[in-house]
Amino acid sequence: MGMQFGVSVEAPLAWQELLSLARTIDAESRFASLWISDAMIANGPPDDPRLDAWTALAAIAHATSRVRLGVMVSGNAYRHPALLAKIVTTLDHVSDGRVELGIGAGWPGENRRYGIDFGTRAERVERLEEALQVIKSLWTQERPVFRGKHYQLDAPPYSPKNIQWPHPPIVVGGGSDAMLRIIAKYADASNPMIDVAEAHARIDAYCGEIGRDPKEIRRTNSYPFFMHDDPAVVERAQAIAKEQYGASDEDLTRQLFGTTDEVRRRVQEAADAGIADVILFQLPRVHLKSLLHFSDEIIPSFA
């Protein structure tokens, strides 16, 4: 299998815009996956629309037929893991086996304004590790019993089972040492939030400590994306990225910003670094035309 490509929706979109984008990506592109970010507040002006990721994804699953679907990544702090397991199983059936569970500890930020108990950073990581044990137990065991510090299972029934075997792929996102250890132990795929070479070296080492083959973990990475063949337009986009998101010149060299040839070269660099799935996202808005241009001009080179 060649490198796979996906689109993650980070920019704020109202429902009809999101549905239209999903249908276009499914029917008119070569992208293999579509992801939605998870938060309570829009990634932009706070009064912009922010839909619940998993609810929206369920509707998208019914409206599409080809692309794989997931949340990049689901904040564990927002939902009890038993409920999240059931949500993903439901989507596995609605999508006919196309869903993936992207999950992370959950970042508080402005989401604290909703009164959610995020706890400390260490507590969030601790909860995530227990959550993954709960989810995998429900998906792979009959009447599991779990006694954790934060979560418990008392031999519950779980039906229906997932369509995908042994369960939908679990993609864990994070960059701290503790999170990379969780990736090594539980993930089917990684989506690190630090330099990929450093992340992969540490994940491989942690896999060695527990006797796991690191090749079992699919390497994915998310990239800010803007492609245009007018260098002046690219330069303006880079200036916006620096001004609004604090991106440095070094950051921009690791992102998929540039002309078609420049972006193709950077995708090749990702492939050389062992990335199996390249996931694009755009801020502050989605540029569908550039996504379809990437689909036509870049993806065939890596099929």
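Derivation of every value follows stated rules applied to the coordinates shown; laboratory data play no part. Values in this document were obtained by computation on a predicted structure and should not be read as measured data. As a convention, Cβ positions derive from the backbone with ideal geometry for all residues, glycine included, and neighbour counts pool all protein chains shown.
Under a crude label model (7 Å from the Cα following the beta-carbon direction), how far is ARG143 from ASP213 in nanometres?
With each label point 7 Å from Cα toward Cβ, the separation is 3.5 nm.
How many times 2.2 N^0.38 Å is the alpha carbon radius of gyration of region 150-237?
That works out to 1.52 for region 150-237.
Tell me, how many Å apart are the Cα centres for region 96-118 and for region 244-303?
Cα centroid of region 96-118 versus Cα centroid of region 244-303: 25 Å apart.
Any idea how far apart ASP52 and GLU110 come out in nm if each label point goes 7 Å out from Cα toward Cβ?
In this crude spin-label approximation the distance works out to 2.1 nm.
Can you tell me which aspartates and glutamates have their Cα less than 18 Å from the Cα of LYS215? Leave out same-chain residues fewer than eight positions away.
ASP188, GLU198, ASP204, ASP272, ASP277
How many percent of all Cα-Cα pairs in region 197-243 sit more than 11 Å apart?
That fraction is 74 percent.
Under the rule of at least 5 residues apart or a separate chain, name every residue whose amide H is placed under 5 Å from the amide H of PHE281.
Distant-sequence amide H within range of PHE281: SER8, TYR223, PHE225.
Can you pull the Kirkwood radius for region 162-303, inverse mean 1/r over Cα pairs, to one decimal in Å?
By the Kirkwood definition, the hydrodynamic radius is 16.4 Å.
Against the globular-protein guess of 2.2 N^0.38 Å, express the Cα radius of gyration of region 53-151 as a ratio, rounded to two decimals.
For region 53-151, the normalised Cα radius of gyration comes out at 1.14.
Determine, for each peptide in 145-154, 5-14, 194-203, the mean count of other beta carbons within 10 angstrom over its residues, then list the peptides with the highest first.
Final packing ranking: 5-14, 194-203, 145-154.
Determine how many Å³ per residue the convex hull of the Cα atoms of region 228-303 encloses.
93
Would you list which aspartates and glutamates come within 18 Å of LYS149, measuring only between C-alpha atoms, while excluding same-chain residues fewer than 8 positions from it?
Those aspartates and glutamates meeting the cut-off are ASP117, GLU123, GLU126, GLU129, GLU130.
By count of other Cβ within 10 Å, fewest leading, how are SER29, SER159, SER20 ordered?
Fewest-to-most Cβ neighbours within 10 Å comes out as SER159, SER20, SER29.
Using Cβ contacts closer than 10 Å as the measure, can you line up TRP35, TRP107 from fewest to most?
With the sparsest Cβ surroundings first, the list reads TRP107, TRP35.
Per q in 0.08, 0.12, 0.13 Å⁻¹, report the Debye log10 I(q)/I(0) for the chain, using one uniform scatterer on each alpha carbon and no solvent.
At q = 0.08, 0.12, 0.13 Å⁻¹ the computed log10 ratios are -0.34, -0.80, -0.96.
Determine the sum of side-chain charges near GLU235: Lys and Arg each +1, Asp and Glu each -1, restricted to other residues whose C-beta is under 14 angstrom from that of GLU235.
-3
Could you tell me the ratio Rg/Rh of region 91-231? Both radii from Cα atoms, Rh via Kirkwood.
1.01
Just add up the charged neighbours of PRO81: K/R +1, D/E -1, any other residue whose Cβ is under 11 Å from the Cβ of PRO81.
+2
Cβ under 14 Å from ALA270's Cβ, ALA270 left aside: what net charge do those residues give with Lys, Arg +1 and Asp, Glu -1?
+1
Suppose each label sits 7 Å from its Cα in the direction of the beta carbon; what would the ILE41-LYS161 distance come out to in nanometres?
About 4.4 nm, to one decimal.
Sort all Cα-Cα distances of region 7-64 into consecutive 10 angstrom bins from zero, then give the percent of pairs in each bin up to the one containing the longest distance.
23, 57, 19, 1
Ratio to report: Rg/Rh of region 60-108, with Cα atoms as the point set and Rh obtained by the Kirkwood method; give two decimals.
Radius of gyration over Kirkwood radius for region 60-108 works out to 1.00.
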